[in-house]
Amino acid sequence: MRALGVADQAKRRTFVTGVAMDEVKDMCGRRILCVFPRYAPAFGNFQYSYPLTGARALMPPQGLLLIAAALPPHWQVRFIDENMDRATDADFAWAHAVFVSGMHIQRAQMQDICRRAHRHDRVTALGGPSVSACPENYPDFDYLHVGEMGDATEELFARLARDTARPPQQVVLKTTQRRDLADFPVPAYELARLDLYLTGSIQFSSGCPYECEFCDIPALYGRTPRLKTPQQVLAELDKLLACGQTGAVYFVDDNFIAHRRAVRELLPHLVEWQKRNGYPLYLSCEATLNIAKRPEILELMRAAMFHSIFCGIETPDPEALKSIAKQHNNMVPILEAVSTINRHGMEVVSGIILGLDSDTPQTGDALIEFVEQSRIPMLTMNLLQALPRTPLWDRLKREGRLLADNGARESNVDFRMPYEQVLSMWKDCISRAYHPRALFARYEHHARGTYRNRFAPPATPQRASWKNIRRGLGILGRILWHVGLRGDYRRHFWGFALRRAARGEIESLISVAILAHHLILFAREASAGRKNASYYSERLRGEALAPAE
Ligand code: B12
């Protein structure tokens, strides 16, 4: 928990213009407690790698840190990520108002925070992707902020400046005028313990032009990409460094190449920034697979030290891609696209969906064949979920295949294939894809190819700092202890590790060991039915509410 620096105070003065700001400025300061809810254990959280790295959560929540930076200048703010620490009674007692943010998967935890704040009679405000899609799911919060930062945000601040008593009934504030990303403040990164996250986060753009049937991004953030300026992105990177960010930083953009010209303008600035700062960070992002058609962009990303791209491949079946309105994945043959990206030193992390209407009993085997051919090490394999505000939700509703209450089922979709068959296909794919032998074989392929295609930065003082070396040695020590000595898949680990050590490739040894540990352990839990394929199931909700350690 930390207070905001002078620079941010200055930045915040420019935010609230017009009536609200004049009103707010003359009123007494407010104390805002920003609480980010716990994630339920899930594939995408990498919780099994935390003991190796000392991390305690995956990445800082951009949304809440942005809102914290946008508060009126003389207000105080505290930030608590409940993936690390639980907000205490003292925190709630300190606050005038409690701000919360999150995804559908965090619904139970968001409601839990609201209950705890109300026990202290504190007014609560909720924003973020879940309430923006389904405000009706949050009857207990006092203020609902639906949509992105804009006029609704100003209205919320003005109302709290006037009165922090809980309103007699819920107030829903809908953004009608979005604030331009070019006018976004630098998120309040200094409020977060960046050194305790597995990766940092930064945003360049919002929105995606495509309309994949299962995705709610077009409804939530629009199809016309909105952008920050390169100068803003560099200012944010400067601030991340100043706040102790090291290692990896993830661009949270829905589609990093949503606006190709803007990306071509941004990348040379990132290359220069890395050079100027001694190549301190590895970058990654999410982008559509057709980025493979843009070698000029891939080459600039290589020079800017991008190490991986998350691509929503979803299925290797071109016909199935058409059926979910994702034919843009077919613009380049998928295997060719993956190897093109690898040739530029970037690993592809692939999103995969099982339970599509086009699935057959052979789908699982076809997927494993694709995993072996593409050599993609990390694939987030999820069961199809129908998210509100998506064409899929509307179609399934029309077809009467949307399960309102799916109890212990792992999805709210009434699959074409028998449910149990889809579930066992999912478990079978997870256990085969993440068997240690298969996984390390795929990583071996990239250690001899993709990773050697990367831009090799000079050994700058920033990279070879004692702090980095000490941190690296600490992680290596824990890997050798937990995996090399005590791990039950140590034979496969040592095969990979000794080959890396023989070539002095210690960095790829460490980064692979960290991720492989999570993938292997999570897959074991999931294929044994002890971890879920999705965030819809009851048991998960039950689990999610367990108090933080
Ligand atoms: C980065 C990211 C992740 C990261 C984590 C990010 C984090 N720390 O929270 C990781 C990789 C872990 C992740 C995982 C998942 N994710 Co995700 N993720 C994203 C992504 C791409 C960016 C999030 C972000 O930083 N956005 C930028 C910030 C600035 O936007 P924002 O949070 O909406 O905030 C704005 C407003 O909402 C508002 N606001 C936000 N909070 C608040 C609070 C208050 C008080 C106020 C006033 C305003 C306000 O102001 C901000 C500025 O406009 C989003 C898509 C997106 N564009 O947001 C998907 C998204 C949030 N993820 C999604 C999903 C479904 C998942 C998974 C469940 C997928 C899966 N099946 O496994 C997992 C779940 C995690 C888990 N436990 O398993 C969905 C959520 C759907 C929903 N409506 O809830 C999204 C929207 C993508 C999609 N396709 O639909 N994800």
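The values are calculated or read from the model by the stated rules, or taken from the named source; none is laboratory data. Every value quoted in this text rests on a predicted model; they were computed, and no experiment measured them. Don't worry about glycine lacking a Cβ; one is built from the backbone with ideal geometry, like all the others, and counts go over all protein chains shown. Remember, those area values only see protein heavy atoms, side chains included, never the ligands or the DNA or RNA. Shrake-Rupley method; radii C 1.70, N 1.55, O 1.52, S 1.80 Å.
Points to keep in mind about this one:
- Of everything listed in (1) modelled with pLDDT of 95 or more; (2) open to solvent by 30 Å² or more (accessible area, probe 1.4 Å); (3) near the ligand (Cβ under 6 Å from one of its atoms), the single unmet condition for ARG86 is (3).
- Count of residues meeting criterion [more than 14 Å from the chain's Cα centre (by Cα) and either more than 13 Å from the ligand (Cβ to nearest atom) or open to solvent by 10 Å² or more (accessible area, probe 1.4 Å) (or both)] in the range 31-40: 1
- Residues that are more than 10 Å from the ligand (Cβ to nearest atom), under 29 Å from PRO139 (Cα atoms) and in contact with a Leu (Cβ under 7 Å, 6 or more places away or on another chain), drawn from the range 156-190: GLN170, VAL172, ALA188
- If you go through the range 502-521 and keep only what is open to solvent by 50 Å² or more (accessible area, probe 1.4 Å) and of a type outside the set (Ser, Thr, Tyr), you end up with ALA502, ARG503, GLY504, ILE506, GLU507.
- Among the residues making up the range 93-108, those that are more than 20 Å from ARG56 (Cβ to Cβ) and either touching a strand residue (DSSP E or B) at 6+ places or on another chain (Cβ under 7 Å) or assigned to a loop (DSSP other than H, G, I, E, B) (or both) are TRP94, ALA95, HIS96, ALA97, VAL98, PHE99.
- Residue match in the range 63-77 (condition: outside any helix (DSSP H, G or I), among the polar types (S, T, N, Q) and open to solvent by 20 Å² or more (accessible area, probe 1.4 Å)): yes
- Of everything listed in (1) within 8 Å of the ligand (Cβ to nearest atom); (2) within 27 Å of PRO139 (Cβ to Cβ), the single unmet condition for ARG78 is (1).
- Helices (runs of 4 or more DSSP H) contained in the range 419-497 and holding at least 2 residues open to solvent by 60 Å² or more (accessible area, probe 1.4 Å) and under 25 Å from ILE376 (Cβ atoms): 419-433, 436-448
- Pick from the range 113-131, criterion in a helix (DSSP H, G or I) and within 22 Å of the chain's Cα centre (by Cα), ranking: farthest from the ligand (Cβ to nearest atom): ILE113
- Hey, GLN232 more than 16 Å from the ligand (Cβ to nearest atom), in contact (Cβ under 8 Å) with a residue 12 or more places away in the chain and not aliphatic (A, V, I, L, M) or not: no
- Of all residues in the range 129-151, those that are in contact (Cβ under 8 Å) with a residue 60 or more places away in the chain and closer than 14 Å to GLN106 by Cα have Cβ atoms under 6 Å from Cβ atoms of residues that are charged (D, E, K, R) and open to solvent by 10 Å² or more (accessible area, probe 1.4 Å), 6 or more apart or on another chain, in ALA133/ASP216; ALA133/ARG389.
- One residue alone among PRO388, PRO377 is within 29 Å of ILE514 (Cβ to Cβ), in contact with a helix residue (DSSP H, G or I) (Cβ under 8 Å, 6 or more places away or on another chain) and in contact (Cβ under 8 Å) with a residue 24 or more places away in the chain, and that residue is PRO377.
- Test result for HIS104, at pLDDT below 95 and near the ligand (Cβ under 9 Å from one of its atoms): yes
- Checking the stated criteria, THR380 turns out to be open to solvent by less than 40 Å² (accessible area, probe 1.4 Å) and closer than 17 Å to GLY351 by Cα.
- Of all residues in the range 43-70, those that are not assigned by TED's automatic domain parsing to the domain that holds ALA513 have Cβ atoms under 7 Å from Cβ atoms of residues that are in a loop (DSSP other than H, G, I, E, B) and of a type in the set (Gly, Ala, Ser), 6 or more apart or on another chain, in PRO60/ALA192; GLY63/GLY128; LEU65/ALA188; LEU65/ALA192; ALA68/ALA188; ALA69/ALA188.
- Filtered by the rule that a residue be within 19 Å of CYS114 (Cβ to Cβ) and either in a helix (DSSP H, G or I) or near the ligand (Cβ under 7 Å from one of its atoms) (or both), the range 139-152 gives HIS145, ALA152.
- When residues in the range 382-404 are screened for being part of a helix (DSSP H, G or I) and not basic (Lys, Arg), 5 of them pass.
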